[in-house]
Amino acid sequence: METSAPKRRENKKSLRVKVISLGNAEVGKSCIIKRYCEKRFVPKYLATIGIDYGVTKVQVRDREIKVNIFDMAGHPFFYEVRNEFYKDSQGVLLVYDVGLRESFEALDSWLGEMKQEMGSQANMDSIVFVVCANKVDLIKRRVVDEGEGRLFAESRGFHYFETSAQSGEGINEMFQAFFSSITDMCENGGKRPVTELSVGFTKEQADTIRRIRNSKDSWDMLGVKPGATREEVNKAYRKLAVLLHPDKCVAPGSEDAFKAVVNARTSLLKNIK
Ligand code: GTP
Ligand code: MG
């Protein structure tokens, strides 16, 4: 009689990863982490002093992941404490408050601070970034919409999630995607998988949508000088229309930007002889 030892499905080796949270003070970094790890929400603001550290274990597919979480203080006062902790991170939670535009606009300077500590862009390329548009439960005070946040994130190859530490919305989905991407990256030799970087739209398209959103009038929107001729307006319009036409451009906000450009051209042509 033939016997065979029962086949045991061995788990792959466990992974140890380091993640950090970044973003202005009071945007909800600690509450997002608390909501995920402790399933609770604390309404009272308790500023993080320097750094808070915690460990959690998660299962991604057939791997156990030990996650070391370094929750940074957002207050500028703690820069000297924070800057020690950027190195060797595999993942970054980049958090802003959808009700505070300055917290969204600060994301670039947070990336700048991190890049400075990491030494080069190459070191930033082997990190998974997730942008959390937090406090989406406070609907009435929202000033940064989904398109704008998504565009910021996806044009840089980052994930984007709408979250509320208060209600729990988006929190588990966000962490699952975060840890799963970090695991993919580790299994891919420390490089962010290519699929995450190919977002289906170009930097030129993303920059143009941002520029259109921030333009001060119709001339500015079309990128022509006030008093430009019909030909100049039409030429600028055609260029933008080709770049942003909804059939060609999948960048978040492209449809609104395209409509705005059509309206800007119509209103300018009405007043040009
Ligand atoms: P620092 O540690 O100072 O950098 O701040 P932080 O980003 O860690 O902010 P924290 O998590 O301490 O939250 C700041 C305040 O926002 C607290 O009063 C929280 O209760 C509140 N808060 C956090 N997340 C949410 C949310 O999703 N919705 C609402 N309504 N309030 C939130
Ligand atoms: Mg905190």
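What follows draws every value from the coordinates through simple rules; no lab data is involved. Just so we're clear, the structure is a prediction, and the values are computed from it rather than from any experiment. Neighbour counts run over all protein chains shown; Cβ positions are idealised from the backbone, glycine included.
State the Kirkwood hydrodynamic radius of the range 106-160 in Å, one decimal place, computed from all pairs of distinct Cα atoms. This gives a value of 12.6 Å. Only Lys, Arg, Asp and Glu carry charge here, each on its Cβ (+1 for the first two, -1 for the last two); on that basis the range 117-273 has a dipole of about 1080 debye about its Cα centre.
A simple charge model with +1 on the Cβ of Lys and Arg, -1 on the Cβ of Asp and Glu and nothing else charged puts the dipole of the chain at about 400 debye relative to its Cα centre. Which listed residue (Val143, Gly170, His159) has the Cα farthest towards the positive end of the charge dipole for the range 140-180, taking +1 on Lys and Arg C-beta and -1 on Asp and Glu C-beta about the Cα centre? Looking along the dipole axis, the top candidate is Val143.
What net charge do the residues around Asp108 carry, taking every other residue with its C-beta under 11 Å from that of Asp108, with Lys and Arg at +1 and Asp and Glu at -1?
Values: positive: Lys115, Arg156; negative: Glu105, Glu113.
Net local charge, Asp108 excluded: 0.
If contacts are Cα pairs under 8 angstrom and at least 6 residues apart, what is the relative contact order of the range 1-115 in percent?
Details: 168 pairs, mean separation 41.5, N = 115.
Computed value for the range 1-115: 36 percent relative contact order.
Computed from backbone phi, the HN-Hα couplings of the range 222-238 come to 7, x, 10, 6, x, x, 5, 7, 4, 4, 5, 5, 5, 5, 5, 4, 4 Hz, rounded to whole numbers (Karplus: 6.51 cos²θ - 1.76 cosθ + 1.60, θ = phi - 60°; Gly and Pro given as x). Normalised Debye scattering of the range 18-83 at q = 0.26, 0.27, 0.28 Å⁻¹ gives log10 I(q)/I(0) of -1.16, -1.22, -1.27, counting only Cα atoms as equal scatterers and leaving out solvent.
Close amide H contacts of Tyr160 (hydrogens built in the peptide plane, cut-off under 5 Å, sequence separation of 5 or more or a different chain): Val131.
Peptides 151-164, 225-238 ordered by packing proxy, namely the average of other Cβ atoms within 10 Å per residue, highest first: 151-164, 225-238. Here's the list of lysines a cross-link from Lys239 could span, going by alpha-carbon distance under 25 Å and ignoring same-chain residues fewer than 8 apart: Lys203, Lys216, Lys225, Lys248, Lys259, Lys270, Lys273. When +1 charges are put on Lys and Arg Cβ atoms and -1 charges on Asp and Glu Cβ atoms, the dipole computed for the range 152-222 relative to its Cα centre reaches about 280 debye.
Taking the square roots of 5 times each eigenvalue of the Cα gyration tensor of the range 49-148, largest first, gives ellipsoid semi-axes of 24, 19, 15 Å.
With a cut-off of 9 Å between beta carbons, the residues surrounding Asn123 carry a summed charge of +1, where Lys and Arg count +1 and Asp and Glu -1.
Here each label is just a point 7 Å from Cα along the line to Cβ, and for Glu38 and Gln121 those points are 4.0 nm apart. Shown in residue order for the range 76-93 are the 3J(HN,Hα) couplings computed by the Karplus curve 6.51 cos²θ - 1.76 cosθ + 1.60 at θ = phi - 60°: x, 3, 9, 3, 4, 6, 4, 4, 5, 9, 6, 4, 6, 7, 9, x, 10, 9 Hz (x for Gly and Pro).
Given only helices, namely DSSP H runs of n ≥ 4 each adding -39500 (n - 2.57), what is the per-residue ellipticity at 222 nm of the chain, to the nearest 500 deg cm²/dmol? Kindly include the intermediate steps, with their values, before the conclusion.
Numbers: 12 runs with 114 residues, N = 273.
About -12000 deg cm²/dmol.
Straight-line cross-link partners of Lys13 among the lysines, defined as a Cα under 23 Å from its Cα and at least 8 positions apart when in the same chain: Lys57, Lys66, Lys191. Taking the longest Cα principal axis of the chain as reference, the axis of helix 171-187 is set at about 80 degrees. If R0 is 22 Å, what FRET efficiency do you get for Leu269 and Val242 from their C-beta distance, rounded to 0.05? With R0 = 22 Å, the Cβ-Cβ based efficiency is 0.75. Sequentially through the range 108-123, phi angles give Karplus couplings (6.51, -1.76, 1.60; θ = phi - 60°) of 4, 6, 5, 5, x, 4, 5, 4, 4, 6, 7, x, 7, 5, 4, 5 Hz, Gly and Pro residues having no value and appearing as x. Which of rounded, prolate or oblate describes the chain when judged by the alpha-carbon gyration tensor and an a/c cut-off of 1.5? It comes out prolate by the Cα gyration axes.
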